[in-house]
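J.: Quick one: structure below, then a few questions.
Values quoted throughout were computed directly from the atomic coordinates according to the rules given, and no laboratory measurement underlies them. Small disclaimer: the values here were computed from a predicted structure and weren't measured. Every residue, glycine as well, gets a Cβ built from its backbone with ideal geometry; the counts of neighbours run over all protein chains shown.
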Amino acid sequence: MAMMVTYTKGQAVYIELRSRILSGEILPDSVLNQETLAAQLGVSTTPLREALQRLEAERLVSLRAHREVTVAALSVRELSEIFGVRLQLDPHAGAIAAANATDDELKMIQTSVPVPGPPGSEATGEGNRRFHRAIYVCSGNELLTTILDSLWDRTECYRRILVPDDIGGHVDPEPTHSEIAAALSNRDSTAAADLLRRHIEATENTLKNLLIATQE
């Protein structure tokens, strides 16, 4: 029987606001009034303030003395920082998964290869995440998975905002997910790590070019 999770008001507000920010529902660089925001969420300013302090610690918002909240802007610098870490950790997760995952886990990765769809769509984003997270989980390193989950959250914010859902076709950066899955199935740690590194680099370059274009 599944256990019910009970959240405090501050935790519930944090989860809701974090989801809205990372999904792009609340746009980067937006300025929000705390009293208005509390009224919209149906809470007092106390749990809202608790939630905002957690979001500020994650660099998703900044708080001002006159009770305004500014949502973090998208920036080339932050994008470079995120991918600088992912370029080290994603290949590491892939190498460990190739070496240590069970046969059933490797089959799970193979079946998680995303089905082609519009690049900016929610379904495509979820498919990409499911595939990469399967690799993280199959590495067997829980701390590594937690860190990469957090980095993916912020990466996804950039993707949802920068990649339009109406450009047609399917974006699967070279090397493709299928190539990565094949290397993992062959238990080739070196190839899996190299393919993932190049795949992440291609994703970074795509997002960075789109972001720079919006700032010109």
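J.: Work out the length of the dipole vector of the chain about its Cα centre, built from +1 on the beta-carbon of each Lys and Arg and -1 on the beta-carbon of each Asp and Glu, and round it to the nearest 20 debye. Show your work: numbers first, answer last.
T.: Working: 21 positive and 30 negative charges, 106 e Å.
For this selection, approximately 520 debye.
J.: For GLU81 and GLU126 in the same chain, what is the full-extension length gain: residue separation times 0.36 nm, less their Cα-Cα distance, in nm?
T.: Working: separation 45, 0.36 × 45 = 16.20 nm, distance 2.29 nm.
Between GLU81 and GLU126, full extension yields an extra 13.9 nm.
J.: Taking the Cα centre of the chain as the origin and placing charges on Cβ (Lys, Arg +1; Asp, Glu -1), which of LEU151, ALA98, PRO114 is farthest toward the positive end of the dipole?
T.: So the residue we want is LEU151.
J.: If one computes P(r) from the Cα atoms of the range 9-71, what percent of pairs lie at distances over 14 Å?
T.: More than 14 Å apart: 50 percent of the Cα pairs in the range 9-71.
J.: While we're looking at this one, here's another question. Any idea how far apart GLU56 and VAL115 come out in nm if each label point goes 7 Å out from Cα toward Cβ?
T.: 4.5 nm
J.: Quick one: if you stick a label point 7 Å off each Cα along the C-beta vector at MET108 and ARG67, how many nm between them?
T.: 4.8 nm
J.: Within the chain, which whole H helices from DSSP have a Cα span along their axis of at least 27 Å and a mean Kyte-Doolittle hydropathy of -0.5 or more, if any? Numbers along the way, then the final one.
T.: Details: long enough: 76-100 (35 Å, 0.31); 142-162 (30 Å, -0.10); 189-215 (39 Å, -0.14).
For the chain, where a helix must reach 27 Å along its axis and average at least -0.5, the hits are 76-100, 142-162, 189-215.
J.: I would also like to ask the following. GLU35 to ALA213: FRET efficiency via 1/(1 + (r/R0)^6), r the Cβ-Cβ distance, R0 45 Å, to the nearest 0.05? Present the calculation step by step, with values, prior to reporting the outcome.
T.: Details: r = 37 Å, r/R0 = 0.81.
The value I calculate is 0.80.
J.: Mind giving me the nanometre distance, one decimal, between the label points for ALA12 and ALA99, set 7 Å out from Cα along Cα→Cβ?
T.: Modelled inter-label distance: 4.6 nm.
J.: Let me ask you something else. Using helices alone, I'd like the mean residue ellipticity at 222 nm for the chain: each DSSP H run of four-plus residues gives -39500 (n - 2.57), total over residue count, nearest 500.
T.: On the way: 9 runs with 144 residues, N = 216.
It lands at -22000 deg cm²/dmol.
J.: Also: If you average the sequence gap of Cα pairs under 8 Å that are 6 or more apart and divide by the length of the chain, what percent do you get for the contact order?
T.: Working: 278 pairs, mean separation 51.4, N = 216.
Here the relative contact order equals 24 percent.
J.: Also, quick follow-up: Please list 182-194, 23-35 highest first by mean number of surrounding beta-carbon atoms within 10 Å per residue. Could the numbers behind the result be given before it?
T.: Details: 182-194: 18.5, 23-35: 13.7.
Going by the mean number of other Cβ atoms within 10 Å, highest first, we get 182-194, 23-35.
J.: Report the residue, chosen from GLY84, GLY42, GLY125, that carries the largest GNM mean-square fluctuation when the chain is represented by alpha-carbon nodes joined by springs under 10 Å.
T.: GLY42
J.: Further, regarding this structure: Can you bin every Cα-Cα distance in the range 76-215 into 10 Å intervals starting at zero and give me the percent of pairs per bin, rounded to whole numbers?
T.: Taking every Cα pair in the range 76-215, the percentages come to 13, 45, 34, 8, 0.
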